[in-house]
Amino acid sequence: MSTAKLIVEGATGSKSKEGVIQWVIPYYVSSRTEVLSVGTENYEGCQEVSRSWSCNNDGTDPSYIVTITYEGGSQQSEGATYGDEESTIWSLDFEMAEEPIEAHWNFEEIKKTFGGKWADPENEEDWVFPKELPAGSKSSSGLGGKGKVGAGNKNPMKGVKTYIVMNCIASVSYTKKTLPKTVVSNIGKLYRELPDAPAQFNSLDKGKRNWMKMPPQITKRGNVWQISESWKLSEYYEWPKEVYPDGNAGNLT
């Protein structure tokens, strides 16, 4: 009985939110010699990404069930920036991080209010706040306080080494038959607006901030590329265009 390339009932498939199509196809083969040769052709336009097999234990030269996984992409507009619009996923993610207090955008005012000195004046490393507020500093109502206090008041910044930063990351995930050339070349560039993002993303009030292109994540899925690109929003002021290159989307002036 010739059953070497018979597809067994039970084939399954799926499509990810980014548009990657996956087929899982079981094949029956009559001998071990065919385990690696069956199903090597593309299936429904998708390429093989993995295979596994199990023995049927039906004789001295047993048959096998070979299960092959194929992956690829659906028909999509290669002219679009991020591929098939229906399978392009945009998201905004927010996270908290700790940064050295010396990196704070308002550090000069912090020093005036809470005092302190460099632990290593030669290298200006590790700012140390005193136990008490300096004479003439602003009141305990914070940087916006109007009253003045004298020396001897407890310093709320004593022992503080870091501060909390609220980071915003915009990302887009999609699939492409061809890997875009700019997916790596634009890393580290500044953008006034997110390139080709939904209008509501770019209409958000972000103050004086701008975006920086971050390193992408790229995975080969059969005959398509699954790509995730992201941009990080500056903390309070824009990243300076004198330090980072322009992403040809315009910088704040």
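Laboratory data are not the source of any read-out in this text; all were calculated from the coordinates shown. Predicted, not measured: the structure shown is a model, and the values here were computed from it. A quick note on method: Cβ atoms are made from the backbone with ideal geometry, for glycine too, and the neighbour counts reach across all protein chains shown.
For region 9-73, what mean projected area does the convex hull of the alpha carbons give, in nm²? Reported value for the Cα convex hull: 4.4 nm². In order along region 205-217, phi translates into HN-Hα couplings of 6, 10, x, 8, 7, 9, 9, 10, 6, 9, x, x, 10 Hz, rounded to whole numbers, per the Karplus curve 6.51 cos²θ - 1.76 cosθ + 1.60 with θ = phi - 60° and x for Gly and Pro. If R0 is 22 Å, the Cβ-Cβ spacing of Val184 and Lys220 corresponds to a FRET efficiency of close to 0.90.
Considering only Trp105, Trp127, Trp118, the Gaussian network model of the chain with Cα springs below 10 Å gives its largest mean-square fluctuation to Trp118.
Our estimate of slack between Tyr237 and Ile65, defined as 0.36 nm per intervening residue step minus the Cα-Cα distance, is 55.8 nm.
Here's the list of aspartates and glutamates a cross-link from Lys177 could span, going by alpha-carbon distance under 20 Å and ignoring same-chain residues fewer than 8 apart: Glu18, Glu41, Glu44, Glu48, Glu71, Glu78, Asp84, Glu85, Glu86, Asp196, Glu229. The H on the amide N of Asp84, modeled in the peptide plane, is under 5 Å from the matching H of Ser77, Thr175, each at least 5 residues off or on a different chain. Entry note, the chain: relative contact order of 17 percent, from Cα contacts under 8 Å with a spacing of 6+ residues. With the chain treated as a Gaussian network of Cα nodes joined by springs under 10 Å, which of Glu108, Glu229, Glu122 yields the largest mean-square fluctuation? With Cα springs under 10 Å in the chain, the top fluctuation among Glu108, Glu229, Glu122 is at Glu122. Per-residue ellipticity at 222 nm computed for the chain from its helices equals -1500 deg cm²/dmol, with DSSP H segments shorter than 4 residues left out and the rest contributing -39,500 (n - 2.57).
Under 25 °C and 0.890 mPa s, how fast does region 150-223 diffuse according to Stokes-Einstein, given a Kirkwood radius computed over C-alpha pairs? Answer in µm²/s, whole number. Using the Kirkwood radius from Cα pairs, D works out to 148 µm²/s.
Of Met166, Met212, Met96, which has the largest mean-square fluctuation in a 10 Å C-alpha GNM of the chain? Its mean-square fluctuation being the largest, the pick is Met96. Each principal axis of the Cα atoms in the chain has its own extent, and those three values, largest first, are 99, 44, 32 angstrom.
Run a plain Debye calculation on region 23-124 (Cα atoms as equal point scatterers, no solvent) and give log10 I(q)/I(0) at q = 0.22 Å⁻¹, rounded to two decimals, same order as the q list. After summing over all Cα pairs, the log10 values are -1.11. List the lysines whose alpha-carbon lies under 16 Å from that of Lys189, not counting same-chain residues fewer than 8 positions away? Candidates past the 8-residue exclusion: Lys181, Lys213, Lys232, Lys241.
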